[in-house]
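The values are calculated or read from the model by the stated rules, or taken from the named source; none is laboratory data. Keep in mind the model is a prediction, meaning the values are calculated, not measured. Virtual Cβ from ideal backbone geometry, glycine too; neighbours counted across all protein chains shown.
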Amino acid sequence: MFRVMKLLLAALIGLLLSTCALAQSAMPTSDSGGLIVTGQKWRRDLRDPSLDRDPVEETNDNMAAERRRRDVDQTNDLLRAQGMPVRDVPAPELKSEPTSRREARAAYIYEIKVRNAGDKEIASVIWEYVFQEIGSDKEVGRRRFEGKETIARGKTRILVGRSAIPPTGTIDASKLKSKTAEKYAEKIVIVSVVYSDGSKWRSADSN
């Protein structure tokens, strides 16, 4: 009986120690503004500019062009009846680039997953996605974004930033295969936090 109680006591102590260690690891660091970054990733995105045009606007433009064509046709009928020169039908107006000049444009999407482990609700966050050479502190790229996202206490959100500049700014990210990508370490820096009550936090190392 004594041996069973001793084993139960040891198991209980081990459970308490594990719980304390987990709680300590989940606590925000003093320079995070109450935020814990639990994940990050980036990707390259290609977009066709022609897809950005409003279909309603395009329909209205087509209807206006058709009205102009009918007006010219009616005028030409009157001119022909009088033996006078007719007018040319106006060419349609092109508001978008010609198809031959349309090219898919690259954008780079940067995402971080954060959890509010602080005592206040968060209204916005300024954060940076940093790239460094592995084995050294040499920085090869830094992208800064502002996420105006409400994050309640204990809640998790994904903040997304978009940039036309590739991660390192010096190489084409489309050529970043797995072997090349391994040359760079990724780090997330929380620059500043604005809370819903109007108070603010800012990293001491921020510019």
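Just checking, how many residues over region 123-141 are among the small types (Gly, Ala, Ser), over 14 Å from Val189 (Cα atoms) and either surrounded by fewer than 17 Cβ atoms within 10 Å (Cβ to Cβ) or more than 16 Å from the chain's Cα centre (by Cα) (or both)?
Number satisfying all stated conditions: 3.
Please specify each residue of region 120-140 satisfying the condition of being in a strand (DSSP E or B), touching a residue at least 40 places away in the same chain (Cβ under 8 Å) and under 22 Å from Arg43 (Cα atoms).
Answer for region 120-140, where residues must be in a strand (DSSP E or B), touching a residue at least 40 places away in the same chain (Cβ under 8 Å) and under 22 Å from Arg43 (Cα atoms): Val125, Ile126, Trp127, Glu128, Tyr129, Val130, Phe131, Gln132, Glu133, Val140.
Would you pick out the residues in region 34-60 that are surrounded by 13 or more Cβ atoms within 10 Å (Cβ to Cβ), modelled with pLDDT of 70 or more and either more than 21 Å from the chain's Cα centre (by Cα) or assigned to a helix (DSSP H, G or I) (or both)?
Scanning region 34-60 gives a single hit, Gly34.
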